[in-house]
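S.K.: The structure is given below, and queries will be raised subsequently.
Readers should treat all values here as calculations from the given coordinates under stated rules, not as data from a laboratory. Note that the coordinates shown come from a computational prediction; the quantities given were computed from them, not determined experimentally. Please note: Cβ atoms are built from the backbone with ideal geometry, for glycine as well, and neighbour counts cover all protein chains shown.
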Amino acid sequence: MDLLRFATAGSVDDGKSTLIGRLLYDTKAIFDDQLEAVERTSRLMGDDYTNLALLTDGLRAEREQGITIDVAYRYFATPRRKFIIADTPGHVQYTRNMVTGASTADLAIILVDARKGMLEQSRRHAFLVTLLRVPHIVVAVNKMDLVDYAQDRYEAIRNEFTAFATKLEIADLTVIPISALRGDNIVSRSGVMPWYEGPSLLHHLEHVHVASDRNLIDARFPVQYVLRPQLAEYPDYRGYAGTVSGGVLKVGDDVVVLPSGFETRIVAIDSASGPIEEVFPPMSVTLRLADDLDVSRGDMICRPHNAAVPSQDIDAMVCWMSDTPLVLGKQLALKHTTRTARALVKDLQYRLDVNTLHRDEDADSLRLNEVGRVQLRTTSPLFVDPYRRSRTTGGFILIDEASNNTVGAGMVVGAE
Amino acid sequence: MTDPPDYRLSHLQSLESESLHVFREVAAECERPALMFSGGKDSIVMLHLAHKAFSPARIPFPILHVDTGLNFPQVIDIRDRRADELAVRLIVASVPEAMERGLVTPEPNGSRNRIQTPVLLAAVQEHRFTALFGGARRDEEKSRAKERVFSFRDEFGQWDPKNQRPELWNLYNGRIHLGESIRVFPLSNWTELDVWHYIAAEELLVPDLYFARDREVFERDGMLYAANDMCPPRDGERTITATVRYRTMGDANLTAAVRSDADTIERIIEEIALTRLTERGATRGDDRVSEAAMEDRKREGYF
């Protein structure tokens with residue numbers, strides 16, 4: 001059994017909570033006491049039906065105001081796969097939440113109401129999940145029951161979405177007609193839409209091929225923690241612990257350590273289950289090297305002929321997540337893999353309208369939930385890859401040094 | 001847990017890997033971490049993961065137990081054994097001691113759940129801990145589903161659900177000002193079933209209370225409680241012998257048992273896969289108080 005992480009994006013009335021409630025309920029991930037609590041609350045709120053949306057509203061303020069504030073994580077499993085849902089609200093703080101939820105997702109479900117078709121927000125959701133390079137996208141055309149399961153409605157929306165998608169870089173797009181309320185095409189293929197020949201949503205989630213989404217070519221191992229036990233049993237042990245970010249590393253491989261540029265060889269790899277011959281992302285392991293080098297947290301172990309390029313000039317798409325805008329000359333802390341540097345905002349090339357994809361080249365700031373192309377100069381070199389090549393060595397966060405808050409997310413376009 | 005040849009990880013290996021990353025990140029970035037240990041299955045898994053994260057070196061932080069004085073003796077036994085085996089420093093913050101000093105008073109129903117918080121916060125202050133690992137999982141409860149892996153707390157240990165730091169990729173932000181702290185939940189993405197699968201795969205020792213045995217119990221508020229010194233039956237509550245087990249290890253006076261025949265880990269896994277009640281809903285008198293009981297406690301500085 002493997003793991004699939006997916007994010008759901010939808011607007012207030014697209015039926016997202018109903019869809020999630022349906023997936024959890026039909027896969028038996030909802031317990032009776034949870035359902036009873038929801039039934040009780042539904043009655044208190046005067047609903048005459050069991051409002052499955054309440055299952056996903058976790059906080060008191062959310063229940064009182066009937067809105068979703070934050071990303072919520074849900075879990076369910078089928079015999080084939082375990083699933084982690086990042087449920088992102090569509091309205092309040094939408095960009096910040098969607099970007100957070102999409103950053104770790106293998107797949108994103110974008111909900112579209114069959115009656116309304118593609119709205120501005122559907123385009124925004126599609127743009128954000130492609131900005132974060134979620135490899136698989138599912139457009140769930142929901143509420144098909146309210147358009148009499150009409151094939152032409154589904155096809156119109158599919159064609160419109162596919163046309164819009166050509167402006168984005170979507171690797172894998174699947175469009176599924178569903179009714180979350182009635183359970184059509186959720187767990188199994190529905191008899192009411194015989195014209196639809198594709199898989200049910202759950203079947204697609206269970207079978208979508210995600211193993212090849214990882215970068216298994218560019219070996220990248222950011223050193224996270226240096227292990228020197230200095231115990232009688234291990235007097236000379238020196239290991240470099242970390243999570244493999246890319247590529248496959250084997251015992252005996254020649255490697256180079258950045259930033260020093262020293263070359264050495266892997267003599268042993270210790271994993272959580274003991275010594276191991278080869279490792280790949282996202283395994284957390286400890287590497288031991290042939291030579292006694294000065295290697296510390298923030299260094300990166302790569303292959304000699306395929307190493308990340310150290311750079312202090314970073315060109316990136318930045319999503320801003322703070323009430324205080326990003327402006328030229330601003331100084332921030334930047335955390336990339338296990339390395340933190342200080343970064344200066346040198347230039348804002350353009351601000352991108354996430355609804356129309358229009359580039360505003362006169363913009364001089366990024367406000368909360370805005371996205372723009374930013375040039376940063378860092379105090380020390382970072383070992384970055386373009387985000388399109390690697391989501392782990394291409395992504396970074398920006399931290400306000402006064403408040404200590406995480407205020408931005410960056411995706412490397414290039415580095416000099 | 002052997003590696004498949006096509007460079008894929010099982011879901012348990014993925015979860016384990018993520019947790020190890022979190023442990024190391026905290027040890028690298030936070031000044032004075034400690035691991036909250038209760039003796040329950042989640043904290044047993046946590047301690048095992050901490051051990052793996054730094055092996056062959058020792059765990060580079062102490063373990064902290066807020067002892068309510070109402071723990072099942074077996075739980076304390078396992079706590080002491082594991083601390084000893086792993087040569088890790090154990091700090092016990094005692095609720096009964098704090099009650100004697102007048103720092104806290106138990107609630108009328110005998111619950112010491114809420115008063116753990118001031119005792120925990122006093123220990124954090126005394127030892128100047130800046131990061132505390134907790135075993136909470138997001139599948140346990142609704143407010144936990146929205147909490148970050150790195151959960152920022154102000155100087156009173158309070159959680160502000162509306163003002164959480166965005167958490168992207170595997171990049172965690174553990175920066176704090178003096179007096180503030182971070183609660184860290186390495187098991188965030190694990191479910192109860194994952195925890196049991198992992199205990200089985202790694203052959204971890206857990207208290208025998210988790211396994212179905214014939215025990216002396218009585219019924220109260222529709223739940224079965226074990227009759228013992230900390231939880232004597234009241235007038236009119238009749239003691240019977242039943243085959244029961246515990247799904248959680250809370251205080252002995254407020255943690256109920258469930259009828260079960262699951263006397264091995266394999267049978268527990270089977271049972272959980274089929275169960276229709278959450279572990280807290282089924283067994284914890286303290287979580288039944290209100291819809292938002294957990295959220296309220298977290299806001300006060302609870303885990």
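S.K.: For the protein assembly as shown, what D do you get in µm² per second when you plug the Kirkwood radius from alpha-carbon pairs into Stokes-Einstein at 10 °C and 1.306 mPa s?
M.R.: 59
S.K.: Also: How much length would be gained if the chain were fully extended between A:D291 and A:V267, taking 0.36 nm per residue of separation minus their Cα-Cα distance, in nm to one decimal?
M.R.: Working: separation 24, 0.36 × 24 = 8.64 nm, distance 0.93 nm.
Contour length minus the Cα-Cα distance gives 7.7 nm.
S.K.: Pull up all non-local amide H partners of A:V208: gap of 5 or more, or a different chain, and H-to-H distance under 5 Å with H placed in the peptide plane.
M.R.: Long-range HN contacts for A:V208: none found.
S.K.: Quantify how strongly other chains surround peptide A:397-409 by giving the mean number of their Cβ atoms within 10 Å of each of its Cβ atoms.
M.R.: Details: counts 8, 1, 4, 1, 1, 1, 3, 8, 7, 12, 3, 2, 4.
Counting other chains' Cβ atoms within 10 Å and averaging over A:397-409 gives 4.
S.K.: Further question: Classify the range B:96-182 from the C-alpha gyration tensor, please: rounded if a/c falls under 1.5, else prolate or oblate depending on whether a/b exceeds b/c.
M.R.: On the way: a/c = 2.72, a/b = 1.55, b/c = 1.75.
It is oblate, given that a/c is not under 1.5 and a/b is not larger than b/c.
S.K.: Within the range B:190-206, what residues put their amide N at less than 15 Å from the label point 7 Å along the Cα-to-Cβ vector of B:L274?
M.R.: Nothing falls inside the zone, counting backbone N under 15 Å.
S.K.: In debye to the nearest 20, how big a dipole does the protein assembly as shown give about its Cα centre with +1 on each Lys and Arg Cβ and -1 on each Asp and Glu Cβ?
M.R.: On the way: 87 positive and 107 negative charges, 154 e Å.
About 740 debye.
S.K.: Further, regarding this structure: Which of the pairs A:K28/B:K162; B:K142/B:K162; A:K16/A:K116 have their Cα atoms more than 23 Å apart in this structure? Could you put the intermediate results ahead of the total?
M.R.: Values: A:K28/B:K162 30 Å; B:K142/B:K162 15 Å; A:K16/A:K116 15 Å.
Those over the limit are A:K28/B:K162.
S.K.: Shifting gears a bit: Around A:V139, which amide H atoms from residues at least 5 apart in sequence, or from another chain, sit under 5 Å from its own amide H, with H modelled in the peptide plane?
M.R.: Answer set, sorted by chain and number: A:I110, A:T174, A:V175, A:I176.
S.K.: For an R0 of 41 angstrom, estimate the FRET efficiency from the Cβ-Cβ distance between B:L86 and A:S188 and round to the nearest 0.05. Working shown, then result.
M.R.: Working: r = 49 Å, r/R0 = 1.18.
After rounding to 0.05, the efficiency reads 0.25.
S.K.: For the range B:49-207, state what percent of all Cα-Cα pairs lands in each successive 5 Å bin, counting from 0 Å until the bin that includes the largest distance.
M.R.: 2, 7, 14, 17, 21, 20, 13, 5, 1, 0
S.K.: Please give the helix A:32-44 orientation as an angle from the longest Cα principal axis of chain A, in degrees from 0 to 90, rounded to the nearest 10.
M.R.: Once rounded, the angle reads 60 degrees.
S.K.: At a 10 Å Cβ-Cβ cut-off, how would you order A:E416, B:E107, fewest neighbours first? Mind dumping the intermediate values first?
M.R.: On the way: A:E416 9, B:E107 12.
With the sparsest Cβ surroundings first, the list reads A:E416, B:E107.
S.K.: Based on the Cβ-Cβ distance from B:A227 to B:K162, what FRET efficiency comes out when R0 is 51 Å, to the nearest 0.05?
M.R.: Working: r = 44 Å, r/R0 = 0.86.
So, using R0 = 51 Å, E works out to roughly 0.70.
S.K.: Report the semi-axes of the equivalent ellipsoid for the range B:1-114 in whole Å, largest first, where each axis is √(5λ) for an eigenvalue λ of the Cα gyration tensor.
M.R.: Details: eigenvalues 216, 50, 36 Å².
Whole-Å semi-axes of the equivalent ellipsoid: 33, 16, 14.
S.K.: Give me a single rounded figure for B:15-27: the average over its residues of other chain Cβ atoms within 10 Å of their Cβ. Can you show the working numbers first?
M.R.: Details: counts 3, 5, 9, 5, 2, 11, 9, 1, 4, 10, 5, 1, 3.
That average works out to 5.
S.K.: Tell me what chain A gives for mean residue ellipticity at 222 nm when only DSSP H runs of n ≥ 4 count, each as -39,500 (n - 2.57), the sum divided by the residue total, rounded to 500 deg cm²/dmol.
M.R.: -5500 deg cm²/dmol
S.K.: Against the globular-protein guess of 2.2 N^0.38 Å, express the Cα radius of gyration of the range A:161-260 as a ratio, rounded to two decimals. Mind showing how you got there, number by number?
M.R.: Details: Rg = 23.9 Å, N = 100, 2.2 N^0.38 = 12.7 Å.
With N residues counted in the range A:161-260, Rg over 2.2 N^0.38 Å equals 1.89.
S.K.: Under 9 Å from the Cβ of B:G179, count the other residues' Cβ atoms, weight Lys and Arg +1, Asp and Glu -1, and hand me the total.
M.R.: Values: positive: none; negative: B:D154, B:E155, B:E180.
Taking every Cβ under 9 Å from that of B:G179, the sum is -3.
S.K.: Taking loop as defined by DSSP and a crowding limit of 11 other beta carbons within 10 Å, which GluC sites (Glu not before Pro) in the range A:194-243 fit?
M.R.: Numbers: sites: A:E197, A:E206, A:E233; in loops: A:E197, A:E233.
Passing sites in the range A:194-243 are A:E197, A:E233.
S.K.: Find how many whole Å separate the alpha carbon centroid of the range B:245-264 from the alpha carbon centroid of the range B:34-85.
M.R.: Computed from Cα coordinates, the inter-centre distance equals 20 Å.
S.K.: Please give the helix A:94-103 orientation as an angle from the longest Cα principal axis of chain A, in degrees from 0 to 90, rounded to the nearest 10.
M.R.: The answer is roughly 60 degrees.
S.K.: Right, another one. Which of the peptides B:160-167, A:388-395, B:29-36 is most tightly packed, and how do the rest follow, judged by the mean count of other Cβ atoms within 10 Å per residue? Display every interim value, and only then the final one.
M.R.: Details: B:160-167: 17.5, A:388-395: 21.4, B:29-36: 19.8.
Those peptides, ordered most packed to least, come out A:388-395, B:29-36, B:160-167.
S.K.: Hey, what D do you get for chain A in µm²/s if you plug the Kirkwood alpha-carbon radius into Stokes-Einstein at 25 °C and 0.890 mPa s?
M.R.: Reported coefficient: 105 µm²/s.
S.K.: For A:D236 paired with B:D6, estimate the spin-label separation in nm (one decimal), with each label point 7 Å from Cα along the Cα-to-Cβ line.
M.R.: 4.2
S.K.: Quick one: if the Förster radius is 45 Å, what FRET efficiency do B:L205 and A:Q312 give, using the C-beta to C-beta distance and rounding to 0.05?
M.R.: On the way: r = 51 Å, r/R0 = 1.13.
That pair, B:L205 with A:Q312, gives E of 0.30.
S.K.: A follow-up question, please. Using 0.36 nm times the number of residues separating B:T105 and B:R213, minus their current alpha carbon distance, what extension gain do you get? Walk me through the intermediate numbers first.
M.R.: Numbers: separation 108, 0.36 × 108 = 38.88 nm, distance 3.43 nm.
So the extension gain works out to 35.4 nm.
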